[in-house]
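Visitor: Structure provided below as structure tokens; questions to follow.
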């Protein structure tokens with residue numbers, strides 16, 4: 001089954017920060033999606049290589065140190081790790097409030113609903129929405145098929 005971007009995918013707000021919200025429904029189990037979100041070996045397949053310490057206060061370090069300054073490399077800290085429903089971390093230091101990223105997982109009749117929320121500078125909001133849609137589609141494909149091929 002192909003992951004479905006929910007019609008509720010939005011970019012909203014009118015100030016310097018805008019909220020990006022992306023939802024997908026997956027027939028995958030909440031536990032399988034949780035592992036794919038929080039296990040650095042699985043994250044390396046659908047997103048990027050690095051370190052994810054899946055405990056509150058743990059480090060998030062994705063992408064090569066040699067990457068140009070900007071969005072990469074990602075350096076943040078886990079704020080909430082409440083298995084298997086809520087994973088929240090800061091994105092990087094030059095975004096207000098560290099660009100807090102929040103993944104909510106909810107069991108629904110058809111499987112699991114995953115909702116990503118992030119507040120980003122307005123000039124980056126549309127690109128962030130598109131990027132997160134692509135990344136979440138990869139995450140769900142990995143969970144559902146075991147591969148990205």
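The values are calculated or read from the model by the stated rules, or taken from the named source; none is laboratory data. Quick caveat, the model's predicted, so the values are computed rather than measured. In this analysis, Cβ positions are derived from the backbone assuming ideal geometry, glycine residues included, and neighbour counts consider all displayed protein chains.
Visitor: Would you pick out the residues in the range 125-146 that are farther than 16 Å from residue 33 by Cβ and free of Cβ contacts under 8 Å to residues at least 12 places away in the same chain?
Guide: 127, 130, 131, 134, listed by residue number.
Visitor: So, in the range 18-31, exactly how many residues are in contact with a helix residue (DSSP H, G or I) (Cβ under 6 Å, 6 or more places away or on another chain) and either more than 14 Å from residue 138 (Cα to Cα) or assigned to a strand (DSSP E or B) (or both)?
Guide: Start the filter on the range 18-31 by keeping residues that are in contact with a helix residue (DSSP H, G or I) (Cβ under 6 Å, 6 or more places away or on another chain), which leaves 18, 20, 22, 24, 26, 28.
With either more than 14 Å from residue 138 (Cα to Cα) or assigned to a strand (DSSP E or B) (or both) added as a condition, the list becomes 18, 20, 22, 24, 26.
Of the residues in the range 18-31, 5 are in contact with a helix residue (DSSP H, G or I) (Cβ under 6 Å, 6 or more places away or on another chain) and either more than 14 Å from residue 138 (Cα to Cα) or assigned to a strand (DSSP E or B) (or both).
Visitor: Give me the residue from the range 12-39 that is surrounded by fewer than 17 Cβ atoms within 10 Å (Cβ to Cβ) and modelled with pLDDT under 95 and, out of that set, nearest to the chain's Cα centre (by Cα).
Guide: 19
Visitor: Within the range 54-82, track down each residue that is within 15 Å of the chain's Cα centre (by Cα), in a loop (DSSP other than H, G, I, E, B) and modelled with pLDDT of 80 or more.
Guide: 54, 63
Visitor: What residue, among those in the range 115-139 that are closer than 24 Å to residue 49 by Cβ and outside any helix (DSSP H, G or I), is modelled with the highest pLDDT?
Guide: Among those residues, the one meeting the criterion is 116.
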